[in-house]
1. Checking an interface number: how much accessible area is buried between B and A, summed over both chains, with a 1.4 Å probe, in Å² rounded to 100?
2. Given the C-alpha centroids of region A:235-311 and region B:238-257, what is the distance between them in whole angstrom?
3. Got the relative contact order for chain A handy, in percent, Cα pairs under 8 Å and 6 or more residues apart?
4. So, by mean Cβ neighbours within 10 angstrom, what's the order for B:214-223, B:22-31 with the highest one leading?
5. In whole percent, what relative contact order does region A:349-453 give with Cα contacts below 8 Å and a gap of six or more residues?
6. Hydropathy first: keep DSSP H helices in chain A averaging at least -1.0 on Kyte-Doolittle, then drop any whose Cα extent along the axis falls short of 24 Å, and list what survives.
7. Using helices alone, what [θ] at 222 nm do you get for chain B, with -39,500 (n - 2.57) per DSSP H run of 4 or more residues, divided over all residues and rounded to the nearest 500?
8. Region A:66-111 to region B:155-228: how many Å between their Cα centroids?
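The values are calculated or read from the model by the stated rules, or taken from the named source; none is laboratory data. Just so we're clear, the structure is a prediction, and the values are computed from it rather than from any experiment. Every residue, glycine among them, receives a Cβ derived from its backbone with ideal geometry; neighbour counts consider all protein chains shown. For accessibility, only protein heavy atoms count, side chains too; no ligands or nucleic acids. Shrake-Rupley method; radii C 1.70, N 1.55, O 1.52, S 1.80 Å.
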Amino acid sequence: MTPLFGKLLDELDARLHVRRDARRTANKVFPSNWSFLLGEVAVFSLVILVLTGIFLTFFYRPNVEMITYTGSNPVFAGRSLPAAFESIVRLSSDVNGGLLFRRLHRGASHLFIATIVLHMLRIMLTGAFRKPRELNYFVGIGLLTLAFGAGFTGYSLPYDSLAGTGIRIAYTELLSLPLIGDRVAFWIFGGAFPTGDVIPRFFVLHVMVLPAAIIATVGLHLFMVYRQKHTQFPRLGVDGHNLVLGKPLWPLQFAESTTLFLWTGGLLAAAAVLIPWSDVSLLGPYIPGEVGNNAQPDWFLFWLEGALRIFPPLEFTIPPGIVISGPFVAGVVLPGLIFTFLALYPFLEKRVYDLSGEWHVLQNPLEIPLRAGVMLGVFSGLLILSAAATNDILSRMLGIPIEMITWIARVAVIVVPVVLGLWIARYSRKRLRRRGLDVPSSEVDGQERYIAA
Amino acid sequence: MSDEQRSRPDLQVVSEETPPPSQANDALVIGSAIVAALAGIGFAVGLALQTSIAVYGTALAIGLLALGFGARRYFSDLFPDIEAVEPRHPDDGEDDESVAAIAPLERRSMLRNTLIGAGGVFGLSLLAPVPSLGPAPGDELKRTDWRRGTRLVTTDGEPISADNVATGGVATVWPEGSVNNEISAVILVRVGDGHIREPTNLEWVVNDELIAYSKVCTHAGCPVGLFREQDNALFCPCHQSTFDAVRGAVPTFGPTARALPQLPLGVDEEGFLIALGDFEEQVGPAFG
Ligand code: FES
């Protein structure tokens, strides 16, 4: 401990008795691997989101009444615009630094979701979801869902032409719930689309409800990591089942994280300067009855959009009047099934391989054929769906009729995941057999084999 | 650093590497600190002088990156590089008693079930305020603002006469008095070589060539925006549903399952286009 910190700690300790806990925390050991930093970057992005978000909130007007823009942007000068959109134009063109903070905010939001997704991929591939961490795995899935919600509401707030289209489709998804859809949609939207209530409500969700939920959930997530200690990659000569090996929090991990935080902010600022994104004047305000040609959501919802695009026509009524429609199956049932499956996967693996005990050492997915197959299958399927969300652009670029691209996607999304999944599972089974191994049913067992091999 | 050692009695250090003090490192720390400070000033001044994002944004980026770099070099000079281990199960064997040490008495499960039931009911009743979030849908989603005799007007509110729609042209029109009422949006099409056929309702076609459909896509509700003249197709940009404009707008491709409802179209005495009534089918996406 440096003298200054030591002195401060002495004074605090005399009052709050923190020394023991502080020392234990300072001595907490963090295994190092670059992929463990993904979660950290997500947390740092969240901090940047909150800070920049506060700034934006001072200027944003959550309201869709038409007002006249009197600022300096030549595209909109003198035009009557929905207040929400007008305030974004004003913030970008007339508030000093406004565009920078908007770009930082959007950039951080993409980074936030991207690092959550990659972090989750790492957890799934290496098996960090196994006992005792199943609970935290669920918390993580909840966090991803909340992040999607925050992303979608944030995307909607500028009330540009894209946002309006996205909100309209979300409204349809709510409507499509059998039996109760129209009620639920009216509750959330305050009436039939496009009501004036939707933007103020999304605003409250985006700046209060979702951030509070996300921060609380991140807190819970980190608390569990703290209690359960980190997983780590296997290392020869280290009993990873009983020991954590790595750098202590103070000063080494602290130094690393500080740097990472500052660099995350720095790179986002550099991106905000170099890439001229978030330009609302390219889009224009949302006017009912008008839509631009490329109606795409943010990238992290591409898979949902793709499912809506390639799902075959479907609409039927079950007496006495329950309507099941394509948007319901593709936009509600399908994602529900995928998320449920991913959430239950740890139990499937446990069942199939008859696993017991606690697991703290990570594994190459090729050592567990089921996991390799399932992960490649699910994620290739999601990627194909995401690609299908650009079928109009693909068709224009490749000169292939859109009908054909859609059919290719329909076939591919069923065939490719199955073929790839079976292939990689078979490959990893062979690979195990070649080494004379099988899937160990407990970590201690696996560790012995690892040492023996 | 023996102080260091003493302050971590319970850290089991596996390996420790102390880098020799290096002037190069000192220079890096000081250099990046200076860069960061200057960049910070640059950011503040740039913002105060209302320069462009390229100026103060770059200053911010450089400042943060330099500060991060400096912090890293600083720590690596001040502390040894340590690898340590920590036991995962420090309390093993000490706390394997169950959490609640007092066993419950074997009776009165009814009390417990009543409480759980009451808790459930109470929890559900907390949802009671939900209905006041929005009005009951009623038939608001099933009816539009089109009535018998309502004139078709453009977004500017101008009525349209039967002969000022260009051939092969489409126009977005609204009921007079309800411009921008989303669910009432209508797309007016003038089909070139009049082959309008069943299942189009031919009585609602004006002059064998003017026909009007709901503009709200029956898939997910986007506005159907494009008209392809060569095959008289209406096209929705959201998910590429395609409708045949001369055959009652039945879907020919894409994820939608239902035709665009046709608006009963007529002409009033002054020659302006009017609706002969509301749509007869459900407008927009399915629900219920
Ligand atoms: S909303 Fe028109 S195709 Fe989906």
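1. Chain pair B/A: roughly 6900 Å² of buried accessible area.
2. 37
3. 19
4. The packing order, highest mean first, is B:214-223, B:22-31.
5. 44
6. Result, helices passing both filters: A:37-57, A:98-126, A:134-156, A:210-228, A:254-274, A:334-353, A:369-388, A:402-434.
7. It lands at -9000 deg cm²/dmol.
8. About 34 Å separates the Cα centre of region A:66-111 from the one of region B:155-228.
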